[in-house]
Amino acid sequence: MKISFNWLCDYIDLSDFRNNIPELSRKLTQAGLEVEGVVDQKAAYQHVVVGHLLEVGKHPDADKLTVCKVDTGDGEPRQIVCGAKNHKGGDYVIAALPGAVLPGDFAIKKSKIRGVESLGMLCSEKELGLSESSEGIMTFKTGDPGKPFALAFGMDDIIIEINVTPIVRIV
């Protein structure tokens, strides 16, 4: 059975365990609930943040690419090359920055795309592992540049998988 840590916190004060899940797992096991695994959802989205498209221009050497100036909350706009067509200046987007590893072990790093430096990737729901397909990158009318994706979209939970151990009676 999979249980959400955030859901448990709605019913039980577990604030002492938020940063010590191994200790919570030990206590659950002592109570007769075998902890089979723990998944920290936010760990899957490290270096993935909300971005704000300040400018969107044409790529000088590719008709199907755009060069975007993106505010990712760290003070300096980043240049990111994008192949989607569903974005425009002013949109808020999800940006995977160098160091991010997206589902499928797709590592994001600084690169050059057709001769233009790209410091990240603008993401679709499919690239983030949220759906099987998507028509383009995720765009929003509002956002908080630099806010971690996991926090902004409620993906900051810890999922605890437990197995209820059988009770043995001696007659």
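The values are calculated or read from the model by the stated rules, or taken from the named source; none is laboratory data. Note that the coordinates shown come from a computational prediction; the quantities given were computed from them, not determined experimentally. Neighbour counts run over all protein chains shown; Cβ positions are idealised from the backbone, glycine included.
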Output the number of residues of the stretch 8-19 satisfying the condition of being surrounded by 12 or more Cβ atoms within 10 Å (Cβ to Cβ) and more than 18 Å from V164 (Cα to Cα). 4
Could you look through the stretch 9-33, keep only residues that are hydrophobic (A, V, I, L, M, F, W, C) and in contact with a strand residue (DSSP E or B) (Cβ under 8 Å, 6 or more places away or on another chain), and pick out the one that is farthest from I158 (Cα to Cα)? L33
Taking the stretch 142-164 and the residues there that are in contact with a helix residue (DSSP H, G or I) (Cβ under 9 Å, 6 or more places away or on another chain) and part of a helix (DSSP H, G or I), the one that is surrounded by the most Cβ atoms within 10 Å (Cβ to Cβ) would be F149
Going by the conditions given, is P98 at pLDDT 95 or above and either within 30 Å of M1 (Cβ to Cβ) or in contact with a Lys or Arg (Cβ under 8 Å, 6 or more places away or on another chain) (or both)? yes
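Residues to consider are G51, G99; find the one that is on the phi > 0 side of the Ramachandran plot and in the same structural domain as L122 (by TED's automatic domain parsing).
G99
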Count - residues of the stretch 24-53 that are without any contact (Cβ under 8 Å) to a residue 60 or more places away in the chain, farther than 30 Å from G75 by Cβ and not β-branched (V, I, T): 4
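Applying the selection to the stretch 22-35, what residues are surrounded by 15 or more Cβ atoms within 10 Å (Cβ to Cβ) and modelled with pLDDT of 90 or more?
L24, S25, V35
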Just one of V48, V38 is modelled with pLDDT of 90 or more, closer than 16 Å to M155 by Cβ and in contact with a Cys (Cβ under 9 Å, 6 or more places away or on another chain); which is it? V48
Among the residues of the stretch 26-52, the number that are more than 24 Å from the chain's Cα centre (by Cα) and either closer than 17 Å to P148 by Cβ or outside any loop (DSSP other than H, G, I, E, B) (or both) is 8
Where a residue in the stretch 66-95 is surrounded by 18 or more Cβ atoms within 10 Å (Cβ to Cβ) and its partner, wherever it lies, is of a type in the set (A, V, I, L, M) and outside any strand (DSSP E or B), with Cβ under 7 Å and at least six apart: T72/L97; R78/L119; I80/L119; V93/M138; I94/L128; I94/M138
